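Okay, so here's the structure we're looking at.
The values are calculated or read from the model by the stated rules, or taken from the named source; none is laboratory data. Since this is a predicted model, take the numbers as computed values, not measurements. Neighbour counts run over all protein chains shown; Cβ positions are idealised from the backbone, glycine included. Heads up: the accessible areas ignore ligands, DNA and RNA and are worked out on the full protein's heavy atoms, side chains in. Shrake-Rupley method; radii C 1.70, N 1.55, O 1.52, S 1.80 Å.
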Amino acid sequence: MEMTLEAVLDKTVNVLDESKKDIFEIAESSRKEYENIENDLLIIKGDLKEVIDKVDRLERINRKARLKLMEVSRDFHHYTEGDIKAAYEKAEETSVEIAVLKEKEEQLKIRRQELENRLINLKKTVNRAESLVSRVSLVREFLKGELTNLSEHFDELKQKHNLAIKVIQAQEDERGRVSREIHDGPAQSIANLVFRVELTQKLMDKDLSKAKKELKDLKKSIRLSMQEVRRIIYNLRPMSLDDLGLIPTLNRYIDRYIDQTGIIINFNVSGTEKRLPKSYEVTIFRLIQEGLNNIHKHSNASSGRVRLDYASNEINLLVSDDGVGFESDEIEEEKYGLMSMEERCKLLGGSLSLESEKNQGTTIKINLPIKKE
């Protein structure tokens, strides 16, 4: 019985392998057809543009020809019958050409629409085939007895799915925050500036001294608006990372963090400071930013520490605080922030470890091996 079941499973797996191969071939065939149609569509679009340009050119010529025809028809005493005939033939000739080209234009548009519809359908076919290949692979692994690995795989997928949802939500929250900041800050300021410029224009004719004072105030307001715009841009992506490097950018960020939160952060750098690949500098900045955000949001700390250690072939990073800490079963509230940090580390082949106890603060340790980009 056991042998029979094994044989059935093997046969089923073989069928699945063949099905997977067939589905993959369908996907490849559809992908190639998609590429061919894309090329055809480019040609059609080029032909259509050429026809439209030619129609535009002929319509200009036709308008001139009809004007000429009207002119010779009104003043036939000064023009010969040959002149009138030539003007008429020129207008008629271009009219016929335009009609033919417009018919061609219409046919090309229909063809373009057909190809675009086919591309949409082929894309759906490719996506469905790729999805089926993935599903067949999962079923095959299940039948081969990889239940444990499959369970872990599903857990990982679920975790990543949940993380993706949180990341999307975080992105939308960030966009909403930036939108509100722009609306409540620079947008309001600019609207006010427009009003004040209009007022100044009126004052120029009535009271020059008041106009000059208003211009002086306007200059101050514009500078304040520029500072606000720069602050928003800095929060999105510090330009100083490219211009000054990681350490000066972190110094500026931490100083601003201390001013805004009142939490004292001790920042130390050890080892030989050096410029790192951009992906590393951005990742390190975001890791520290997220770590400090967690301290501000969750720790109720009065002070913290950031330590950055440059080694020959790796970067070691530590972010700690003297806050309330938490037990391992209380991590849920901060889970996705920490998962986001861990995912950033993994993208660069690094690792993250967490140490925390109730009322003993929290310490995050990160190791990033340096690989040349």
Among the numbered conditions (1) more than 18 Å from R305 (Cβ to Cβ); (2) open to solvent by 40 Å² or more (accessible area, probe 1.4 Å); (3) modelled with pLDDT of 75 or more, tell me where L218 comes up short. (2)
Checking S299 against (1) at pLDDT 90 or above; (2) polar (S, T, N, Q); (3) within 18 Å of G361 (Cα to Cα), which single condition isn't satisfied? (1)
Cβ-Cβ below 8 Å, separation at least six or inter-chain, first residue in region 299-318 and among the aromatic types (F, W, Y), second assigned to a loop (DSSP other than H, G, I, E, B): which pairs? Y310/G271; Y310/T272; Y310/E273; Y310/K274
Restricting attention to region 101-112, which residues are open to solvent by 90 Å² or more (accessible area, probe 1.4 Å) and either under 14 Å from E35 (Cα atoms) or free of Cβ contacts under 8 Å to residues at least 40 places away in the same chain (or both)? E103, E106, Q107
